[in-house]
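Participant: This structure is in structure tokens; I'll ask about it shortly.
The values are calculated or read from the model by the stated rules, or taken from the named source; none is laboratory data. Source: prediction; values computed, not measured. So basically every Cβ, Gly included, is an ideal-geometry build from the backbone, and we count neighbours across all protein chains shown.
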Ligand SMILES: C[S@@+](CC[C@H](N)C(=O)[O-])C[C@H]1O[C@@H](n2cnc3c(N)ncnc32)[C@H](O)[C@@H]1O
């Protein structure tokens with residue numbers, strides 16, 4: 001079988017699931033080899049056929065994912081429900097550990113800070129001041145708060161303080177609400193089956209956000225950014241940031257976003273796959289290419305660190 005969808009599932013098995021999730025690796029290969037499943041997926045719009053979306057949809061509906069045969073049988077038997085869920089939901093994985101790779105840069109800015117995240121999902125990354133952190137042997141912040149760990153690679157000077165956050169707000173095409181059981185179930189279903197540590201962190205983050213919810217706006221990162229930015233308190237430093245978002249946006253809209261964010265007061269922190277902002281990635285000095293597939297974190301358009309995509313590591317540039 002050689003359809004683009006089949007190749008996409010095979011590539012997901014090899015490049016993303018292998019070594020991370022034996023369950024999803026098996027399922028992705030089974031989907032790639034199943035003419036029936038590929039025919040179903042090909043009836044969905046192109047942007048709605050992703051492996052992560054299919055697997056999360058099956059899990060949120062209570063379908064089996066442990067073995068390929070029952071998975072295929074169940075998906076074919078419940079295709080209308082699976083397709084409805086895939087049409088109505090987005091891949092909105094929200095990883096609070098990304099706070100650990102933002103912290104060194106946020107801590108270097110004059111506070112208090114007004115945080116504005118575009119592509120915020122449920123807003124779990126808007127609370128860098130509510131955790132404490134361990135970078136190798138260095139502990140930062142109040143040990144009574146929950147812990148985020150991040151592995152420093154190479155020479156790393158840990159931040160010396162936790163910044164004060166005066167305001168937190170976000171924009172998302174579909175903001176998720178941590179007080180809504182269905183949204184929480186969706187966030188849980190987006191975490192891969194073997195990643196128990198991420199599930200635990202998600203629940204800790206949800207508790208933090210429920211105690212003091214952020215101002216989340218349903219909208220587009222280009223159309224609604226300026227209006228939200230003007231709501232930030234004037235005596236705080238505005239920081240617009242985003243993580244794992246621009247891959248979902250067309251190259252033209254990415255350019256429009258970069259042009260707009262550069263005109264706002266304050267600072268801009270991007271944390272994206274290197275190909276999302278190629279004009280920043282080309283500024284990384286030769287010889288500082290990463291191993292693996294990290295994100296590039298940049299401050300005001302200047303490369304600052306290679307970071308693990310889920311905030312698990314940081315290598316300062
Ligand atoms: C993979 S999630 C990342 C969530 C969060 N930034 C994090 O790091 O955990 C990407 C988010 O971007 C949002 N998104 C995609 N395109 C967008 C757009 N044009 N405007 C606003 N949000 C968008 C999606 O709805 C989704 O919640």
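Participant: Which one is farthest from the ligand (Cβ to nearest atom) among residues in region 232-244 that are outside any strand (DSSP E or B) and under 18 Å from residue 167 (Cβ atoms)?
Facilitator: Result: 235.
Participant: Quick one: which of 76, 54, 27, 61 is in contact with a helix residue (DSSP H, G or I) (Cβ under 9 Å, 6 or more places away or on another chain), surrounded by fewer than 17 Cβ atoms within 10 Å (Cβ to Cβ) and within 26 Å of residue 310 (Cβ to Cβ)?
Facilitator: After applying the criteria, what remains is 61.
Participant: Next up: What is the residue count in region 209-229 for residues that are more than 17 Å from residue 184 (Cα to Cα), assigned to a strand (DSSP E or B) and out of contact with any helix residue (DSSP H, G or I) (no Cβ under 7 Å at 6 or more places or on another chain)?
Facilitator: 2
Participant: Which of the following residues is within 16 Å of the ligand (Cβ to nearest atom) and modelled with pLDDT under 95: 229, 285, 247?
Facilitator: None of the others qualify; the one that does is 247.
Participant: Which condition number in (1) touching a residue at least 40 places away in the same chain (Cβ under 8 Å); (2) surrounded by fewer than 22 Cβ atoms within 10 Å (Cβ to Cβ); (3) part of a helix (DSSP H, G or I) is the one that residue 108 fails?
Facilitator: Here residue 108 clears every test but (3).
Participant: Okay, moving on. Considering only region 160-174, state which residues are farther than 16 Å from residue 127 by Cα and crowded, with 18+ Cβ neighbours inside 10 Å.
Facilitator: 172 - this is the single residue of region 160-174 that is farther than 16 Å from residue 127 by Cα and crowded, with 18+ Cβ neighbours inside 10 Å.
Participant: Any chance region 1-11 includes a residue that's within 23 Å of residue 185 (Cβ to Cβ), at pLDDT 95 or above and part of a helix (DSSP H, G or I)?
Facilitator: So far as region 1-11 goes, no, none of its residues is within 23 Å of residue 185 (Cβ to Cβ), at pLDDT 95 or above and part of a helix (DSSP H, G or I).
Participant: Name the single residue, out of those in region 37-51 being farther than 13 Å from residue 82 by Cβ and more than 22 Å from the chain's Cα centre (by Cα), that is surrounded by the most Cβ atoms within 10 Å (Cβ to Cβ).
Facilitator: 38
Participant: What tally of residues in region 120-130 results from selecting those that are within 16 Å of the ligand (Cβ to nearest atom) and either assigned to a helix (DSSP H, G or I) or surrounded by fewer than 24 Cβ atoms within 10 Å (Cβ to Cβ) (or both)?
Facilitator: The total comes to 6.
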